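J.: Below: one structure in structure tokens.
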Amino acid sequence: MHHPMDPPNARPGRPRRLRALKPGPGTEDSPPPAPNGPREEPTLRELGKDVGKTFGPGALDATDRDILRELQSDGRMTNVALAARIGLSAPPCLRRVRRLEETGVIRGYHAEVEPAALGWEITFFAVVGLESQKLPVLEAFEAMVRDWPEVRECHMIRGGGDFLLRLVARNPAHENELTNRLTGAPTVAQVRTLQTIRTSKDESGVPVEE
């Protein structure tokens, strides 16, 4: 008898050949993954080593943000403690931290030091205007203040001046010395200093939203 599934040229009574199926999820050769098993974390190679060039808020998931929030609050936290805080096992937690470091999201770890304990009694700001806004002039100024240990921050600005600096000084005489060095530096046209009277908030890092 001709079977409905036989090809048209099949002879009656000839047994049909069935194609072997590749093992799939749930077969004996390939058991299905446990639905509630541990999460598999992507490796740095899988994510791409160039991810740092385009790593933005959209590339951070909720677990990454939890890690950043905890480490920004306590950079000395061990990986085991961090994993427990964010609800992840230690190995994938460490892989995520390493990925955040290698892609430049975590730029480093440091101790926050009390300036007065090291003799830095004064913090002041300087708004610096240059004679020219040509790129070589701007870069030369940045290179110069980069070598001054008393300059702790340097920001190029607009709306009044070219650069905003945050500096520390040991005493008023040292502050005046730094101001005079700035005023006499090449291509500097004007310097306006702002002395800090009191600091009510000095928080490092940035807000990490949910």
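J.: Using a simple spin-label model with points 7 Å from Cα along the Cα→Cβ vector, what separation in nm is obtained for E101 and D147?
T.: 3.2
J.: Would you mind getting me the FRET efficiency between R69 and S200? Use the beta-carbon distance for r and R0 = 22 Å, nearest 0.05. Before the final figure, lay out each step's value.
T.: Values: r = 23 Å, r/R0 = 1.05.
Calculated value: 0.40.
J.: Applying the Karplus parametrisation 6.51 cos²θ - 1.76 cosθ + 1.60 with θ = phi - 60° to the phi angles of the range 115-120, what ³J(HN,Hα) value in whole Hz is obtained for each residue in order, glycine and proline being reported as x?
T.: Result, rounded to whole Hz: x, 4, 5, 9, x, 9.
Laboratory data are not the source of any read-out in this text; all were calculated from the coordinates shown. Remember, predicted model here, so these are calculated numbers, not experimental data. Cβ coordinates were reconstructed from backbone atoms using ideal geometry, including for glycine residues, and neighbour counts include every protein chain displayed.
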